[in-house]
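The structure appears below as C-alpha cells.
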Amino acid sequence: MLEVKDLYVNYGAVEAIKGISFTVQPGEIVTLIGANGAGKTTLTNLLLRLYDATDGEILIDGENIKDVTVASHRARFAAVFQDFQTFACSVGENVALDEKFDSERVRQALKHSGFTKPLKNGVDTELLREFDDDGAMLSGGEAQKIAIARAFYKECPYVILDEPSANLDPIAEYNLNRAMTEASEHKTVIFISHRLSTTVIADRIYVMENGEIIESGSHEELMSRGGTYAKMFTLQAEKYEA
C-alpha cells in the first residue's frame, strides 16, 4: 500500500504542493488530473524521489521511502514521462533498456502497449538508422508505445504514466486503457492525463488545483456531484461528439 501523508513542497515562497494526503491500494488504477501547474508532475516526481518534499511523508507498506536507498526505492517503479526517448538499438533492447532481454516478455509488453507495427526481425529489429541503414523508423505514436511497453516489461509493483495517450489516436487510447486494466491485476498504476476518456477506467480520480486535491472519487461518483471534474469531462465529451 502507498500512503501520502500531509505532503508539502515549497519553491522559495511558492507552495507547489499544499498538504496532500491519499492512499493507493495494491492493484488500483489511480488518475491525477488538473490544469497545467496544478502539481501533478511534482507529485509523481516526489513518489519517485527525484526530489524530496519540504514536509510530510510517503510510505510504502508502512515504511517511509526515505528509509531505503534511492536505488532500491526506484526499482519498485516503472515510469513513462512525456519526454521519452527511443534509442538506436533493437526493439527488445529499447523495451528492456538492457542488452539482455526476455523476447517473450518484450512481445507481451508490446502487445499490452498496443504496438502493432510489423517488424522485419521481430524484437531483434533495429530501430533508427544511426547504425543500420535498414533500421525501422517510428511515428510519434509508435515511439510512445515503445516507451509504454517499458513499463509493462519491468517487473515491479508500481507504474507511473505521465500523459500515456498524448500521441495516440482514440482506438490506440482505448486499447491502452484495456491494457492498463489488465496490468492493474498485478501492478498499481498511477497516471496523469488531460484526456478524460482515459479516467473512466480508474478506481479513483484525484482532481488537483493549485497544489491541492479538490475532488476525489470514481468517475461515476464525481459525475454525480456535478463539480469540477464533471464540468471538465462534459466539455471534453462535447468536443468528441462534435
ask   = Counting only protein heavy atoms, what percent of the accessible surface of the chain is carbon or sulfur at a 1.4 Å probe?
value = 49
key: Extreme residue, positive dipole direction of the chain, given options Val200, Asn64, Phe87 (C-beta unit charges)   = Val200
message = Between Leu97 and Asn210, how high is the FRET efficiency from 1/(1 + (r/R0)^6) when r is the Cβ-Cβ distance and R₀ = 22 Å? Nearest 0.05.
response = 0.05
message = If each DSSP helix of 4+ residues adds -39,500 (n - 2.57) and the sum is divided by the residues in the chain, what number results at 222 nm, nearest 500 deg cm²/dmol?
response = -9500 deg cm²/dmol
ask   = Which residue, Glu130, Glu28, Glu142, tops the fluctuation ranking in a GNM of the chain built on C-alpha contacts under 10 Å?
value = Glu130
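May I ask for the longest run of the chain untouched by trypsin sites (Lys or Arg not before Pro) that are loop-located per DSSP and have at most 10 neighbouring C-beta atoms (other than their own) within 10 Å?
Working: sites that count: Lys100, Lys120.
The answer is 121-242.
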remark   = At R0 = 41 Å the Cβ-Cβ FRET efficiency linking Ser197 and Asp52, nearest 0.05, sits at 0.75
task = Determine the per residue accessible area of the stretch 87-151 with all protein chains present and a 1.4 angstrom probe, expressed in square angstrom.
result = 54
request  = Work out the length of the dipole vector of the chain about its Cα centre, built from +1 on the beta-carbon of each Lys and Arg and -1 on the beta-carbon of each Asp and Glu, and round it to the nearest 20 debye.
outcome  = 240
note = Largest first and rounded to whole Å, the semi-axes √(5λ) derived from the alpha carbon gyration tensor of the stretch 10-119 read 32, 17, 15
query = In debye to the nearest 20, how big a dipole does the stretch 50-172 give about its Cα centre with +1 on each Lys and Arg Cβ and -1 on each Asp and Glu Cβ?
reply = 400
query = Given the pairs Lys5/Lys187; Lys40/Lys145; Lys5/Lys111, which span a C-alpha to C-alpha distance of over 27 angstrom in this model?
reply = Lys5/Lys111
ask   = Stretched out fully, how many nm does the piece from Ala75 to Tyr11 gain, at 0.36 nm a residue minus the Cα gap?
value = 20.3 nm
inquiry  = Need one number: the % of Cα-Cα pairs in the chain sitting beyond the 33 Å mark.
reply    = 21
inquiry  = Connecting C-alpha atoms closer than 10 Å in a GNM of the chain, tell me which of Ala109, Ala79, Ala71 has the biggest fluctuation.
reply    = Ala71
message = So if I take the alpha carbon set of the stretch 84-226, get Rg, then get Rh from the Kirkwood formula, what is the Rg over Rh ratio?
response = 1.03
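The values are calculated or read from the model by the stated rules, or taken from the named source; none is laboratory data. For clarity, every value in this text was computed on a predicted model and none was experimentally measured. Note that we place each Cβ from the backbone using ideal geometry, even for glycine, and neighbour counts take in every protein chain shown. When the accessible area is computed, the model is the full protein with side chains, heavy atoms only, and any ligands, DNA or RNA have been set aside. Shrake-Rupley method; radii C 1.70, N 1.55, O 1.52, S 1.80 Å.
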